[in-house]
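A.B. asks: Take this structure first; my questions come after.
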Number of protein chains: 2
Amino acid sequence: MLSSKADDFAHKVRSCDQRGLARVLSMVENGHPLAPSILHSLYNPERSGLTIGITGPPGAGKSTLTNRLIMHYRRHGSKVGVIAVDPSSPFSGGALLGDRVRMQDHASDPEVFIRSMANRGHLGGLSGTTRDALEVLAAASFDPVLVETMGVGQAEVEIASLADITLLLLVPGLGDEVQTMKAGIMEIGDIIVLNKADRAGMEQLEMSVNASLELIPDQDDRPQVIRCSAQTGEGVEKLTDAIVSCASSGTWGKAIAQKRTTLILNGIIREKGRELARKLILDRYGSVEEAIESILEGKTTPYRIGEMLSGFLKNKRENKNEC
Amino acid sequence: MLSSKADDFAHKVRSCDQRGLARVLSMVENGHPLAPSILHSLYNPERSGLTIGITGPPGAGKSTLTNRLIMHYRRHGSKVGVIAVDPSSPFSGGALLGDRVRMQDHASDPEVFIRSMANRGHLGGLSGTTRDALEVLAAASFDPVLVETMGVGQAEVEIASLADITLLLLVPGLGDEVQTMKAGIMEIGDIIVLNKADRAGMEQLEMSVNASLELIPDQDDRPQVIRCSAQTGEGVEKLTDAIVSCASSGTWGKAIAQKRTTLILNGIIREKGRELARKLILDRYGSVEEAIESILEGKTTPYRIGEMLSGFLKNKRENKNEC
């Protein structure tokens, strides 16, 4: 019964019924009980649709580039999905966020689906929600699905990295980002996009990015660096070529189904594991807050609670045998 | 029997037996079965000893400042613990890391205990190990315990934030870090230290840091900004005063036992939860890799595995009733 309901929703997503799609995304976002079954029904690690993450410091031109990419892919007849993620905002759903006005150019185009997502404190967090929303839009045959994040904090980088390919945007004139982002650059970004190519300081930015990238020992692991101007569209073609070549190149292209699956499974292990541990603490103490109270009263310690959690599976196995 | 052994080790730590202490830190680092009992025995959320995290971009002078702080606290008769953490290195233990030569000034001082820690792939990770090592050194009455991280990536910031108070070091001339670290600055740092105060560009750096901090709506939440020169020692006294006033100020001082406990318990929920979820997957599939294989073969999906994990506690409760 439940599963046939889930199949109905999955069918609506696959046939790209706009209202059904919006409904399923809300279910994912709100942790609706049917959501896991719908996601199960939709999941295909070998889907051909590509997901592209876009991150970078405020002012780097992420929205402008997103808009430019939508235009590019629409011209090539693709259906484009966009998830705009703002970890610092509690608002989401249908409403477009502040500076996404330009995206409204596409609001009347049924082949462009734009959704904004925010932090609503749901278990699993924004990262889990975005990851699952990507799968839903890909299942509705949006290709590519773009994920644009609002800032470049820890949460934002993590979210952009959920996509198959991540673009890190940098611009001259915001200062020498590279010094401080050295560590970051090597962690994020399949492609580094130097935006606002006409601005003074581009040469210097490019040199300093390249110098940072030389710290990556294996040349094949170094991200490509592409100059463009999201404003004028110059270089965007080169960027989309780089995305295609990145997605199909060598081991990366072959391993993509495995990469996607590993990423999702690890996320689920993290979320469900935390849920399990919290439930066990609930069973014992009523709530995590009461457990903390117990510790502060000197009745137990976090380490004893940890041992209780570790011991749980052992006990459970013994109980099973007794049964 | 086990617990009396753990008590022996705890006693050695409390009486600051150097070899015992080193041994216990290795046990914590290697996930030795006795480690949780030792930590349980040592844990005191109301310990008076303070822990101080030091983070910042490469070249900001973290080692020099650490050295300066050691000298300062030694002059005041305190025993100082230092944990030097390098997330990118697999080497740890007794050996001092590359540029920590200056710390060897203190190598013969029994009241200074220096330990370097690195990523050894142990479950719970470097973050958990560092968190627990801080408690061990505090229990051995090192006060303060300094945690210095090597870079300013995600892992490093997370680790520095395990301490009671976090110092974020910035210097002029590494470019306008602030633009890109805006998000970061608001997340990290109880105190922002502008190091190399004699360098050109300090005024500009300070202005731009202050401009960033103005984005934090509540004035009381804004970190203090302190200029110093770790090289000459100028301003270090002002910094240590700021640390004291930060540690004892208002709600922060009162809430410290709760803050410590919450941080440790949340870490343990995360680590043990993941361990539980992985064990359940192991029971069913043999290994996480085999679970991924199953997904790629189309036999299941990550979402179905998630439902299995969620269902587990429910089943367990039903089993219990049957028993």
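A.B. asks: When you scan region A:13-30, do you find a residue that is closer than 22 Å to B:Ser294 by Cα and touching a strand residue (DSSP E or B) at 6+ places or on another chain (Cβ under 7 Å), even just one?
C.D. replies: Taking region A:13-30 as the starting set, the residues that turn out to be closer than 22 Å to B:Ser294 by Cα are none.
No, region A:13-30 has no match at all.
A.B. asks: So is A:Arg284 of a type outside the set (A, V, I, L, M, F, W, C), within 30 Å of B:Lys279 (Cα to Cα) and crowded, with 18+ Cβ neighbours inside 10 Å or not? Talk me through it step by step, then tell me what you get.
C.D. replies: Working: of a type outside the set (A, V, I, L, M, F, W, C): yes; within 30 Å of B:Lys279 (Cα to Cα): yes; crowded, with 18+ Cβ neighbours inside 10 Å: no.
No; evaluated as a whole, the condition is false for this residue.
Here is a yes/no grid of residues against (1) at pLDDT 85 or above; (2) more than 10 Å from every other protein chain (Cβ to nearest Cβ); (3) surrounded by fewer than 24 Cβ atoms within 10 Å (Cβ to Cβ):
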{"residue": "A:Pro144", "(1), (2), (3)": "yes, yes, no"}
{"residue": "A:Val152", "(1), (2), (3)": "no, no, no"}
{"residue": "A:Ile165", "(1), (2), (3)": "yes, yes, yes"}
{"residue": "A:Leu168", "(1), (2), (3)": "yes, yes, no"}
{"residue": "A:Met181", "(1), (2), (3)": "no, no, no"}
{"residue": "A:Asp190", "(1), (2), (3)": "yes, yes, yes"}
{"residue": "A:Gly201", "(1), (2), (3)": "no, yes, yes"}
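A.B. asks: Limited to region B:1-21, what total is found for residues that are out of contact with any Gly (no Cβ under 7 Å at 6 or more places or on another chain), part of a helix (DSSP H, G or I) and in contact (Cβ under 8 Å) with a residue 40 or more places away in the chain? So that I can check it myself, show each step before the final result.
C.D. replies: If we filter region B:1-21 for residues that are out of contact with any Gly (no Cβ under 7 Å at 6 or more places or on another chain), which is where we start, we get B:1-8, B:10-11, B:14-21.
Among the residues that remain, those that are also part of a helix (DSSP H, G or I) are: B:2-8, B:10-11, B:14, B:18-21.
Checking which are in contact (Cβ under 8 Å) with a residue 40 or more places away in the chain leaves us with B:10, B:14, B:18, B:21.
Residues that pass the stated criteria total 4.
A.B. asks: Could you list, in sequence order, the residues of region B:262-290 that are among the acidic types (Asp, Glu) and either at the interface with chain A (Cβ under 7 Å from one of its Cβ atoms) or touching a residue at least 24 places away in the same chain (Cβ under 8 Å) (or both)? Before the answer, list the steps.
C.D. replies: Residues of region B:262-290 that are among the acidic types (Asp, Glu), as a first pass: B:271, B:275, B:283, B:289-290.
Within region B:262-290, B:Glu271, B:Glu275 qualify.
A.B. asks: Considering only region B:291-305, state which residues are part of a helix (DSSP H, G or I) and more than 7 Å from every other protein chain (Cβ to nearest Cβ). Explain how you work it out, then say what you get.
C.D. replies: So in region B:291-305, the residues part of a helix (DSSP H, G or I) come out as B:291-296, B:302-305.
Passing the criteria: B:Glu293, B:Ser294.
A.B. asks: Determine if region B:51-72 includes at least one residue that is under 19 Å from B:Val136 (Cβ atoms) and surrounded by fewer than 23 Cβ atoms within 10 Å (Cβ to Cβ).
C.D. replies: No, that holds for no residue.
A.B. asks: Among what's in region A:22-43 and is out of contact with any helix residue (DSSP H, G or I) (no Cβ under 7 Å at 6 or more places or on another chain) and assigned to a loop (DSSP other than H, G, I, E, B), pick the residue that is nearest to A:Asp241 (Cα to Cα).
C.D. replies: A:Gly31
A.B. asks: Which of the residues belonging to region B:24-39 are crowded, with 20+ Cβ neighbours inside 10 Å and within 12 Å of chain A (Cβ to nearest Cβ)?
C.D. replies: B:Val28, B:Ala35, B:Pro36, B:Ser37, B:Ile38, B:Leu39
A.B. asks: A further question follows. Step by step: first the residues of region A:101-133, then only those that are modelled with pLDDT of 75 or more and of a type in the set (Asp, Glu), then the one that is surrounded by the fewest Cβ atoms within 10 Å (Cβ to Cβ). Which residue is that? Working first, answer last.
C.D. replies: Applying the first criterion (modelled with pLDDT of 75 or more) to region A:101-133 yields A:108-118, A:125-133.
Next cut, of a type in the set (Asp, Glu) only: A:109, A:111, A:132.
Numbers: A:Asp109: 13, A:Glu111: 15, A:Asp132: 27.
Once the filter is applied, the top-ranked residue is A:Asp109.
A.B. asks: Additional query: Tally up the residues in region B:211-223 that are assigned to a loop (DSSP other than H, G, I, E, B), under 26 Å from the mean Cα position of the chain (by Cα) and over 23 Å from B:Asp164 (Cβ atoms), please.
C.D. replies: Total satisfying the criteria: 0.
A.B. asks: Another question, if that's okay. Take B:Gln231 and tell me if it is over 29 Å from B:Val171 (Cβ atoms) and either among the small types (Gly, Ala, Ser) or in contact (Cβ under 8 Å) with a residue 60 or more places away in the chain (or both). So that I can check it myself, show each step before the final result.
C.D. replies: Details: over 29 Å from B:Val171 (Cβ atoms): no; either among the small types (Gly, Ala, Ser) or in contact (Cβ under 8 Å) with a residue 60 or more places away in the chain (or both): yes.
Against the criterion (over 29 Å from B:Val171 (Cβ atoms) and either among the small types (Gly, Ala, Ser) or in contact (Cβ under 8 Å) with a residue 60 or more places away in the chain (or both)), B:Gln231 does not qualify.
A.B. asks: Test B:Leu265 against the criterion of being farther than 30 Å from B:Leu65 by Cβ, in a helix (DSSP H, G or I) and at pLDDT below 95, and give yes or no. Full working, then the answer.
C.D. replies: Working: farther than 30 Å from B:Leu65 by Cβ: yes; in a helix (DSSP H, G or I): yes; at pLDDT below 95: no.
No: the conditions fail for B:Leu265.
A.B. asks: What is the one condition in (1) assigned to a helix (DSSP H, G or I); (2) over 26 Å from A:Ser127 (Cβ atoms) that A:Ile226 does not satisfy?
C.D. replies: All conditions pass for A:Ile226, except number (1).
A.B. asks: Also, quick follow-up: Report whether or not A:Lys238 is within 21 Å of A:Thr166 (Cβ to Cβ) and in contact (Cβ under 8 Å) with a residue 24 or more places away in the chain. Spell out how you get there, then give the answer.
C.D. replies: Working: within 21 Å of A:Thr166 (Cβ to Cβ): yes; in contact (Cβ under 8 Å) with a residue 24 or more places away in the chain: no.
For A:Lys238, the condition - within 21 Å of A:Thr166 (Cβ to Cβ) and in contact (Cβ under 8 Å) with a residue 24 or more places away in the chain - is not met.
A.B. asks: Scanning for something within 14 Å of chain B (Cβ to nearest Cβ) and more than 25 Å from A:Ile269 (Cβ to Cβ), does region A:48-57 turn up at least one residue? If you could, list the steps in order and put the result at the bottom.
C.D. replies: Taking region A:48-57 and keeping what is within 14 Å of chain B (Cβ to nearest Cβ), we get A:55-57.
Keeping just the survivors that are more than 25 Å from A:Ile269 (Cβ to Cβ) gives A:56-57.
Yes, some residue in region A:48-57 is within 14 Å of chain B (Cβ to nearest Cβ) and more than 25 Å from A:Ile269 (Cβ to Cβ).
The values are calculated or read from the model by the stated rules, or taken from the named source; none is laboratory data. Everything numeric here is computed off the predicted structure, so don't read it as measured data. Neighbour counts are summed over all protein chains in view; Cβ atoms, including those assigned to glycine, are modelled from backbone coordinates with ideal geometry.
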